[in-house]
Amino acid sequence: MIVRPRLHWFRMLLVLHGSVLPKIAFQLMLIAAIAAGITLSGGELLGWKVGLTFVPFSLIGIALAIFLGFRNSASYERYWEARKLVGELLNASRSLTRQYLTWVDHPVDARDFVYGIIAFAHALRHQLRGSDPEPQLRVLLGAERTKRLVTARAKPAMLLLHLGEMLGQVGAQGRLHPQLAARMDQTLSDLTAVLGGCERIANTPIPYTYSVIVHRTVYLYCFLLPFGLVGSIGLMTPLIVTFVAYTFLALDALNEELEEPFGTLPNDLPLDHLTLGIEITLREMLGETDLPQPTAPRHYVLT
Amino acid sequence: MIVRPRLHWFRMLLVLHGSVLPKIAFQLMLIAAIAAGITLSGGELLGWKVGLTFVPFSLIGIALAIFLGFRNSASYERYWEARKLVGELLNASRSLTRQYLTWVDHPVDARDFVYGIIAFAHALRHQLRGSDPEPQLRVLLGAERTKRLVTARAKPAMLLLHLGEMLGQVGAQGRLHPQLAARMDQTLSDLTAVLGGCERIANTPIPYTYSVIVHRTVYLYCFLLPFGLVGSIGLMTPLIVTFVAYTFLALDALNEELEEPFGTLPNDLPLDHLTLGIEITLREMLGETDLPQPTAPRHYVLT
Amino acid sequence: MIVRPRLHWFRMLLVLHGSVLPKIAFQLMLIAAIAAGITLSGGELLGWKVGLTFVPFSLIGIALAIFLGFRNSASYERYWEARKLVGELLNASRSLTRQYLTWVDHPVDARDFVYGIIAFAHALRHQLRGSDPEPQLRVLLGAERTKRLVTARAKPAMLLLHLGEMLGQVGAQGRLHPQLAARMDQTLSDLTAVLGGCERIANTPIPYTYSVIVHRTVYLYCFLLPFGLVGSIGLMTPLIVTFVAYTFLALDALNEELEEPFGTLPNDLPLDHLTLGIEITLREMLGETDLPQPTAPRHYVLT
Amino acid sequence: MIVRPRLHWFRMLLVLHGSVLPKIAFQLMLIAAIAAGITLSGGELLGWKVGLTFVPFSLIGIALAIFLGFRNSASYERYWEARKLVGELLNASRSLTRQYLTWVDHPVDARDFVYGIIAFAHALRHQLRGSDPEPQLRVLLGAERTKRLVTARAKPAMLLLHLGEMLGQVGAQGRLHPQLAARMDQTLSDLTAVLGGCERIANTPIPYTYSVIVHRTVYLYCFLLPFGLVGSIGLMTPLIVTFVAYTFLALDALNEELEEPFGTLPNDLPLDHLTLGIEITLREMLGETDLPQPTAPRHYVLT
Amino acid sequence: MIVRPRLHWFRMLLVLHGSVLPKIAFQLMLIAAIAAGITLSGGELLGWKVGLTFVPFSLIGIALAIFLGFRNSASYERYWEARKLVGELLNASRSLTRQYLTWVDHPVDARDFVYGIIAFAHALRHQLRGSDPEPQLRVLLGAERTKRLVTARAKPAMLLLHLGEMLGQVGAQGRLHPQLAARMDQTLSDLTAVLGGCERIANTPIPYTYSVIVHRTVYLYCFLLPFGLVGSIGLMTPLIVTFVAYTFLALDALNEELEEPFGTLPNDLPLDHLTLGIEITLREMLGETDLPQPTAPRHYVLT
């Protein structure tokens, strides 16, 4: 996530920070060069005058608006749904911690349980980003409990089963009324829904064919556009074509980042920051005072 | 589902993979041929000069944008709701398994129950795709339990009743506190909602009249367009008309795949992959180690 | 609901099936005749040259796009919400049946209870369509239980109260644990929400003023359009004006059907089919084998 | 709410019923007069030829479409959410009545409780419309119970507390199992959510700045438009300008009604009708037969 | 929140109240000055005739409509979701208070518990607005209970834990049936969800890159626009350019306020007013009569 700098409106026009320009610079320069060539040749291709006007571009604009508008909405919705799921992870973690601390008789073993919740949050992040959870799990759960998990294919799911087993034992010891056990079971199901929701977004992209159609339409549009403009705006053609191409390609590049919100690109969700935040708040609820510091943005980017 | 290949932006313009071009190639060629004929005749039809300009097409564009934009949103929403339902199937299956393993006393018969959940997931897939569930049910449930099911009209619904009966027996044996039985009953109702939701999407398409109206408008638009363009862009008419037709027909073809998301076309949901994934995670929760491999994409397509 | 025929793209352009053309044929012909008259008079009205161009129509297009796009979305959302409510009716009916069969001790009287649920589904349909439920209720519930219902103003609501009373008696007999009675009470509340949701859609149309505004704008637009086109496209004016009018009026006619989704027009919900489907699946869960056949489409239309 | 008359398409063009024309008649006439003046002067203002064309208006159209489209969607969503809340009020009232009648032992005091629910529905309506609830509360609850309420600032909230206290007493008397008391407590929380939701919509309008921006843009657009059209369409300018202004101002006037859905304007929700409907259905559930008649529309308007 | 004044349509065109004009006055004047300069020079820049027409601007309009339309919807949705969360805070607070007063035996200590809920509402506001909660907490909770909270990092979360502990004690004293304790635990989880939802909106802005792209496109568009218009509308150019710029910049400025809804700008949520409203209604439920007055708008603005 890019931390919003409070910039004067004028400086915001110039800085590169938070911009996707570097990603699309090559394509923009290529399009600008083509437009410049066509302008210099007066709209001729190999000596043949290409008689395009702006009319086709305003007709193609209908389809383009549908494609880009849809893809932008769908990407952002994926991003925001992912953020809601991580928020729900925080909520359910806090609720489960509160429930253990207040409904279980003599919750002397609360630390074991709550560290299991923290481990779930981190394991989920590792699964979504394809990193190795073992070192962190070892710190949180100890070597014994970690051993069983690291051989599991679906580590976060096994951690939830592990938490369920701990609750089952507490219930069997008569330290938790079944009614309140049922409430905690509900919260475990909420965590299961968070896990499944994140897996859904990570495993099912926006249908790839959308990208193919958008991609083709945008580039063909930009490559043909100079022929359509040179007759009426002459030397301004390269500037305007590059401007138009910038609006389409910048949106496309941003959407690419947003539609896979669990990645590590600048506009992706700051999972490191968010899961550490969960760890901090749960450990504070346990009464710990030696809490880690939240991660800080580097170059305005939180990861 | 088409697995997203990480392609260089330039190669993505050319490959056929993930494209709907083969589906609409004939129509595009027909439109291109008609446009070429009209261009060669200078916009005359049977010797009569058809005096169209671009104006009507920009007016019809209003309706076209509404039709295509709506249909695209509605198709994608059906696709994504279907995906959420399958995700909810995963969530409820995991929760129900965890509940059986942690709340039932001495869950030695857990395998029977959990294999019933797995059988439900597969039976749902078979119902949605119209395939025969009997062989797979026989493997999962044994011949005895399968016999009663295969004569049922609504097999997944009968499987849920079967799971409910198992819970009822466990409760009658005093091995499950009624409070936690109620929680598991809730999870069974969640599975019932998944079943009903999938049946709803499968049985109720987007009203057919939308397809008829879109279809007629798009084709009439594309067949008339050359007359409207030939006067201003001359020889470029066939290229531009084909380009415009491509944007409309490609979107139409993609939407046709998405609006019936349980089919087996490339952009449909990978039900084989997803239900096998449910089987794997539930069997891992049971402690089994001899787990099947997830299905892999063939030619970049997961079914 | 119109059952989707799998037609070749070309045949779909021609058939009348699923089309709203018959509904709007008169208006289209009137508009075509007016356009033809204006074309023949060269855009003159009573000898006065009406100097319109296409410009006003592209400005009015802004408002028209908002009106039609909004009305289309709102109509379809009503249709789809209604479909979801009927789906929820299926889900809650199946869950309630499963709950009675598995949680009530010795459910020998299950048939009475489940037939009450079936009667609720049919009574809801009769209320929504304004038909007389008495004959069907008599078959399902017997003369005795029907007598009390037929004098009620809100028959489905009284049926739910009746089901609640049966549960209350079963509970008072000690045949149902209060915890599981609470779950079944939840399912009854779900059915109450279905009833209220259907009544809301049936009783509260899209604000009528939208129809008035859309109606006036569309017709005035279509009647004025020939004056705006005849100067530039001449003899093609009647064809194009009729085409434009078709796109607007066809969408309008379809939306009229969708916004009252419980009616019996071709694009309305197939309530007969859906409630009979609920009856079949519940009776199968009861173990009955003498099940009715699902209703089949007549002329591709399910009612 | 305006009751939809089934009008022939042609008559619908002419009648004033359901129209917002009277509200915007003055503004439309003013705009028409200005447009006529500008047309007569040939587009000159104080002797200076104002050289506008249609181009600026099609550019401003972008912003206008966003403003009007957004405001329309937001207004309708407020209207529809308000309608859903009133529907939820009906659902929760019916459920709570059913629960009292079926789960409480010897519910001889059911009338007191159910009349408390009816009083809540009416008190909510009075709060939303700023009318005095005292006379109606006195009829429903008697002088004693009303006294405590009428001095309360938040009457409906105090009524819900009162219902909760009645349940608490029934529970303390051992006439209601705690499990089923919990279910009824859930339904009371649903009613609390209805109350809060209605208060939210009533107290938080669409941000006022939207109205200011839309207002300014629409009027400036309409006042300038004659200068942009008179050059190309001459004498038709006043007609077209008035038509364009009608589409914008009519939508604006309708949105003003919808965005405050609890008012008493023709397109607002028929709260009188809906709350009386709740009273009727609850009293029928109590077994009363002397039920009031539902309110009927006056001049096609239900209040 | 700006309180809606009931203004005559004409006065609304003129007043500054509720307008964002002051915020964008400098930019508008700059754009007007540039447009005036370009108009006076006849569209020449440093003696070179810049040959732009309106065509590029209508093409860029496609992207601009997507950007502005999307950002506007996303900002408003954040605003409205934030409002719903504060409404849910009211609902859950009322429900929790009702539950304590009606289900706990001899609720003589209700004041302590309910003041804890009030403290939570205020602490949440202070966290969202970055102000110091200590003075207010001290008044509500007393010095003792405040001490533990003020050293906490996540004060509202610790307050919810504190409320949970109070419930746990009441339960351990046998004054609250576990079933109803479970219901109250549910309401505490609802408050946890409100807290997490508000934190999500406050900590995760709309991806910053959107602002950058919108910003650049809008300003470049406005700076180039005079060149595109001066050829056709001459001296009207500065007026029209400023008008177009106003529509874009005003929307942009409003969206900036709405997308951070917890701030203290005029269009932000009136958190002071809303949390005081929660305090008033809860204290009235406790039976207190010495209630504070609701905050009143200052210069039509509620904070």
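The values are calculated or read from the model by the stated rules, or taken from the named source; none is laboratory data. Since this is a predicted model, take the numbers as computed values, not measurements. Here the Cβ positions follow ideal geometry from the backbone for every residue, glycine too, while neighbour counts run over all protein chains shown. Heads up: the accessible areas ignore ligands, DNA and RNA and are worked out on the full protein's heavy atoms, side chains in. Shrake-Rupley method; radii C 1.70, N 1.55, O 1.52, S 1.80 Å.
Starting from region C:1-85, pick out the chymotrypsin sites (Phe, Trp or Tyr not before Pro) whose DSSP state is loop and whose Cβ has at most 16 other Cβ atoms within 10 Å.
Taking region C:1-85 and a limit of 16 other Cβ atoms within 10 Å, the loop chymotrypsin sites (Phe, Trp or Tyr not before Pro) found are C:Trp9, C:Phe10.
In deg cm²/dmol and to the nearest 500, what is the mean residue ellipticity at 222 nm of chain D if only DSSP H runs of at least 4 residues count, each as -39500 (n - 2.57), divided by the residue total?
Using -39500 (n - 2.57) per qualifying helix, the result is -25000 deg cm²/dmol.
Under the rule a/c < 1.5 gives rounded, and otherwise a/b versus b/c splits prolate from oblate, where does region C:7-61 land using the Cα gyration tensor?
Since a/c reaches 1.5 and a/b is larger than b/c, the shape of region C:7-61 is classed as prolate.
Taking the Cα centre as origin and putting +1 on Lys and Arg beta-carbons and -1 on Asp and Glu beta-carbons, what dipole magnitude results for region A:131-274, to the nearest 20 debye?
For region A:131-274, the charge dipole is close to 460 debye.
Give the share of C-alpha pairs in each 10 angstrom bin for region B:173-303, from 0 to the last occupied bin, in whole percents, shortest bins first.
Taking all Cα pairs of region B:173-303, the binned fractions are 10, 21, 23, 19, 13, 8, 5, 2, 0 percent.
Given a Förster distance of 60 angstrom, what is the FRET efficiency for C:Thr289 paired with A:Val150, based on the Cβ-Cβ distance and rounded to 0.05?
Efficiency computed from Cβ-Cβ geometry: 0.70.
In whole Hz, what ³J(HN,Hα) sequence does region B:101-108 give by Karplus (6.51, -1.76, 1.60; θ = phi - 60°), x for Gly and Pro?
Per residue, the Karplus-derived 3J(HN,Hα) values read 5, 9, 9, 7, 5, 6, x, 5 Hz.
By how many nm would the segment from C:Leu265 to C:Glu44 grow when fully extended, if each residue of separation counts as 0.36 nm and the alpha-carbon distance is taken off?
75.4 nm
Distances from A:Pro292 to the same residue in each other copy, label points 7 Å out along Cα→Cβ, in nm, shortest first?
3.9, 3.9, 6.3, 6.3
For the protein assembly as shown, which whole-number percentage of the solvent-accessible area (1.4 Å probe, protein heavy atoms only) is attributable to carbon and sulfur atoms?
The value for the protein assembly as shown is 61 percent carbon and sulfur by accessible area.
Taking every residue in D:256-267, how many Cβ atoms of other protein chains lie within 10 Å of its Cβ, on average? Show your work: numbers first, answer last.
Values: counts 0, 2, 3, 1, 1, 1, 0, 0, 0, 0, 3, 4.
The mean count of partner-chain Cβ atoms within 10 Å per residue comes to 1.
Build a GNM of chain B with springs between Cα atoms under 10 Å: which of B:Glu256, B:Glu77, B:Glu44 gets the top mean-square fluctuation?
B:Glu44
For peptide E:272-285, compute the average count of partner chain beta-carbon atoms within 10 Å of each residue's beta-carbon. Before the final figure, lay out each step's value.
Values: counts 0, 1, 3, 0, 0, 4, 0, 0, 2, 7, 2, 0, 7, 7.
If you average over the peptide's residues, the count of other-chain Cβ atoms is 2.
Between E:Leu13 and A:Met166, what is the spin-label point distance in nm, taking each point 7 Å from the Cα along the Cα→C-beta axis?
Distance between label points: 6.9 nm.
Report, in degrees rounded to the nearest 10, the 0 to 90 angle that the Cα long axis of helix A:178-203 makes with the longest principal axis of chain A.
Between helix and principal axis, roughly 30 degrees.
Ballpark to the nearest 100 Å², how much total accessible area do C and B bury together, probe 1.4 Å? Spell out each step's value before the answer.
Details: alone 16780 and 16770 Å², together 27330 Å².
It comes to approximately 6200 Å² buried between C and B.
Suppose we consider the axis relating copy C to copy A; can you name the residue of C with the nearest Cβ and state that distance in angstrom as an integer?
Residue nearest the C-to-A axis, with distance in whole Å: C:Gln179, 4.
Only Cα pairs within less than 10 Å get springs; with that Gaussian network setup on chain C, which residue of C:Gln293, C:Gln127, C:Gln136 has the largest fluctuation?
So, out of C:Gln293, C:Gln127, C:Gln136, the one fluctuating most is C:Gln293.
If Lys and Arg each add +1 and Asp and Glu each add -1, what is the summed charge of the other residues whose beta carbon sits under 15 Å from the beta carbon of D:Leu180? Don't skip to the end; give the middle numbers.
Numbers: positive: C:Arg183, D:Arg98, D:Arg175, D:Arg183, E:Arg183; negative: C:Glu165, C:Asp185, D:Asp105, D:Asp185.
In short, +1.
May I ask for the percentage of alpha-carbon pairs in chain B that lie more than 30 Å from each other? Intermediate values should be presented prior to the final figure.
Numbers: 22573 of 45753 pairs.
Beyond 30 Å sits 49 percent of the P(r) for chain B.
Just to confirm, what accessible area per residue do you get for region E:154-222 at 1.4 Å probe, in whole Å²?
Values: 1440 Å² over 69 residues.
About 21 Å² of surface per residue is accessible.
From the label point of D:Val108, set 7 Å along Cα to the beta carbon, how far off in nm is each other copy's matching point, shortest first?
3.4, 3.4, 5.4, 5.5
Between helix A:271-285 and chain A, what is the angle of the helix's C-alpha long axis to the longest principal axis, kept within 0 to 90° and rounded to the nearest 10?
It is inclined by approximately 30 degrees.
Work out which residues of region A:68-87 lose at minimum 50 square angstrom of accessible surface when the other protein chains are put back, relative to the chain isolated, with a 1.4 angstrom probe, and list them by number.
A:Phe70, A:Asn72, A:Tyr76, A:Trp80, A:Arg83
Between copies, how far apart are the D:Asp132 label points? List them in nm, one decimal, shortest first, with each point 7 Å from Cα toward Cβ, please?
Taking the point 7 Å beyond Cα along Cα→Cβ, the inter-copy spacings are 4.9, 4.9, 7.9, 7.9 nm.
Karplus couplings for region C:51-63 from phi (6.51 cos²θ - 1.76 cosθ + 1.60, θ = phi - 60°), rounded to Hz, Gly and Pro as x?
x, 8, 10, 6, 4, x, 6, 6, 6, 5, x, 4, 5
Which of A:His177, A:Gly287, A:Leu302 sits closest to the plus end of the dipole of chain A, meaning its Cα is farthest towards the positive end, when Lys and Arg get +1 and Asp and Glu get -1 on the C-beta?
So the residue furthest toward the plus end is A:Leu302.
Could you give the length gained on full extension between A:Asp272 and A:Asp112, defined as 0.36 nm per residue of separation minus the Cα-Cα distance, in nm?
Going from the current span to full extension adds 55.4 nm.
Once the other residues with Cβ under 14 Å from the Cβ of A:Leu13 are scored (Lys, Arg +1; Asp, Glu -1), what is the net sum?
Details: positive: A:Arg11, E:Arg216; negative: E:Asp252.
Every neighbour counted, the sum reads +1.
Report the residues of region C:233-270 in range of a label on C:Arg298: point 7 Å along Cα→C-beta, backbone N strictly under 19 Å from it.
Within reach of a label on C:Arg298: C:262-270.
Which of A:Lys84/D:Lys84; C:Lys84/C:Lys147; A:Lys84/A:Lys147 have a Cα-Cα distance over 27 Å?
From A:Lys84/D:Lys84; C:Lys84/C:Lys147; A:Lys84/A:Lys147, over 27 Å: C:Lys84/C:Lys147; A:Lys84/A:Lys147.
Quick one: dipole size for region E:11-285, taken about the Cα centre, charges +1 on Lys/Arg Cβ and -1 on Asp/Glu Cβ, in debye to the nearest 20.
Rounded to the nearest 20 debye, it is 40 debye.
Nearest 10 degrees is fine. How inclined is helix E:110-129 to the longest principal axis of chain E, computing both from alpha carbons?
Around 20 degrees separate the two axes.
About the Cα centre, and with charges only on the beta carbon of Lys, Arg (+1) and Asp, Glu (-1), how big is the dipole of the protein assembly as shown? Nearest 20 debye, please.
My answer is approximately 1560 debye.
Taking the Cα atoms of the protein assembly as shown, report the difference between the largest and smallest coordinate on each principal axis, in whole Å and largest first.
Answer, in whole Å and largest first: 89, 74, 71 Å.
Return the FRET efficiency for the residue pair A:Arg4, B:Ala143: r is the Cβ-Cβ distance, R0 is 60 Å, and the value is rounded to the nearest 0.05. Don't jump to the answer; show the numbers that get you there.
Numbers: r = 64 Å, r/R0 = 1.06.
Given R0 = 60 Å and the Cβ-Cβ separation, E is 0.40.
Check each residue of region E:229-245 and keep those whose accessible area, probe 1.4 Å, is at least 40 Å² smaller with all protein chains in place than in the chain alone; give them in order of residue number.
Buried-area filter returns E:Ile233, E:Met236, E:Ile240, E:Phe243.
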